[in-house]
Amino acid sequence: MSSNTTSTTPLNIAVLTVSDTRTRDNDTSGNYLENALLRAGHVLADRNIVLDDIYLLRAQLSAWVADPAIHCVITTGGTGFSGRDSTPEALQPLFDVDIDGFGELFRQVSYAEIGTSTVQSRAIGGIANHTLVFCIPGSTGACKTAWEGILLEQLDSRHKPCNFTSHTLASKKP
């Protein structure tokens, strides 16, 4: 993180857990992301758990990207290869721009932790209606990897030479 001691510009971030089995009581990945973003000085704009269904996922993301007060959405779950994993298929068609480097970097950072098993991750990122969207695997470890290895810095307005905040704050006005 940047050595600048001024505070970061807070982003309003929504967290979406994609699962057929998790509830708010046992959603350790969603809990981790909520706590991590709050510790970093951001605002939890909303949080939901949605079944791994293409149309339910698209409906939730569409509502959030249409909301001018939401700057970023982080999803956890549904990025594997099982028959029910449909997050990339559901959400990537809504992206105006793909952030190809996010998935590539996630797998690189993850490789140091889980080795070649990282090839089974279909983590993706994109921008939809000036809203940042990051789709990461459902394990709490993967959420920690994505947050600490990429998102903490890239969602920090002080991080140089560049960060993602200008791609959402300049265009999304409540």
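Considering only the range 11-32, I want to know if a residue exists there that is of a type outside the set (A, V, I, L, M), under 24 Å from Ser166 (Cβ atoms) and in contact (Cβ under 8 Å) with a residue 12 or more places away in the chain.
Checked the range 11-32: at least one residue is of a type outside the set (A, V, I, L, M), under 24 Å from Ser166 (Cβ atoms) and in contact (Cβ under 8 Å) with a residue 12 or more places away in the chain.
Which number in (1) closer than 24 Å to Thr9 by Cβ; (2) under 15 Å from the mean Cα position of the chain (by Cα); (3) modelled with pLDDT under 95 marks the one condition that Ser157 misses?
In the conditions (1) closer than 24 Å to Thr9 by Cβ; (2) under 15 Å from the mean Cα position of the chain (by Cα); (3) modelled with pLDDT under 95, Ser157 misses (2) alone.
For the range 82-103, state whether one or more residues are surrounded by 13 or more Cβ atoms within 10 Å (Cβ to Cβ) and free of Cβ contacts under 8 Å to residues at least 24 places away in the same chain.
yes
Only residues in the range 150-161 that are buried (at least 17 other Cβ atoms within 10 Å of the Cβ) count as the first member; pair them with residues that are in a helix (DSSP H, G or I) and of a type in the set (Asp, Glu), Cβ under 9 angstrom, at least 6 apart or cross-chain, and list the lot.
His159/Glu153
Can you tell me which residue within the range 110-128, out of those that are surrounded by fewer than 19 Cβ atoms within 10 Å (Cβ to Cβ) and more than 14 Å from Gly77 (Cα to Cα), is modelled with the highest pLDDT?
Per the stated criteria, the residue is Tyr111.
Which ones in the range 25-73 are of a type in the set (Gly, Ala, Ser) and touching a Pro at 6+ places or on another chain (Cβ under 7 Å)?
Gly41, Ala69
Do the conditions hold for Ala36, that is, is it over 16 Å from Phe134 (Cβ atoms) and either among the aliphatic types (A, V, I, L, M) or touching a residue at least 40 places away in the same chain (Cβ under 8 Å) (or both)?
No; evaluated as a whole, the condition is false for this residue.
Spot the failing condition for Ser62; the list is (1) of a type in the set (Gly, Ala, Ser); (2) touching a residue at least 24 places away in the same chain (Cβ under 8 Å); (3) surrounded by 17 or more Cβ atoms within 10 Å (Cβ to Cβ), and only one is missed.
(3)
The values are calculated or read from the model by the stated rules, or taken from the named source; none is laboratory data. Remember, predicted model here, so these are calculated numbers, not experimental data. Every residue, glycine as well, gets a Cβ built from its backbone with ideal geometry; the counts of neighbours run over all protein chains shown.
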